[in-house]
């Protein structure tokens with residue numbers, strides 16, 4: 001999986017390309033948590049390039065949202081076709 005990061009109008013957009021599975025989900029988790037630690041409030045994750053999403057990938061997404069739910073800095077996920 002490749003992750004392309006870009007900043008637009010104060011928002012970080014992570015564009016994913018490839019498979020989000022057991023071997024690649026830790027990469028995404030590190031990327032999101034680093035942004036959250038840097039107090040990046042607006043994180044958008046674009047799944048339009050993801051061709052497979054495993055339960056391990058879903059776990060990472062759920063975990064990242066729960067970690068910052070209290071601070072109202074949870075990432076937003078975009079899935080387009």
Handout entry: Failed condition for residue 53, given (1) at pLDDT 90 or above; (2) closer than 15 Å to residue 76 by Cα; (3) surrounded by 15 or more Cβ atoms within 10 Å (Cβ to Cβ)
Key = (2)
Exercise for the section: Only residues that are outside any strand (DSSP E or B), touching a strand residue (DSSP E or B) at 6+ places or on another chain (Cβ under 8 Å) and farther than 22 Å from residue 69 by Cα: list them for the stretch 1-55, please. Expected result: 1, 21, 24, 54
Practice task
Report yes if residue 10 is without any contact (Cβ under 8 Å) to a residue 60 or more places away in the chain and either surrounded by 13 or more Cβ atoms within 10 Å (Cβ to Cβ) or in contact with a helix residue (DSSP H, G or I) (Cβ under 9 Å, 6 or more places away or on another chain) (or both), otherwise no.
Solution key: no
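The values are calculated or read from the model by the stated rules, or taken from the named source; none is laboratory data. Model, not experiment: these values are computed from the prediction. Using ideal geometry, Cβ is built from the backbone for each residue, glycine included, and neighbour counts are taken over all protein chains shown.
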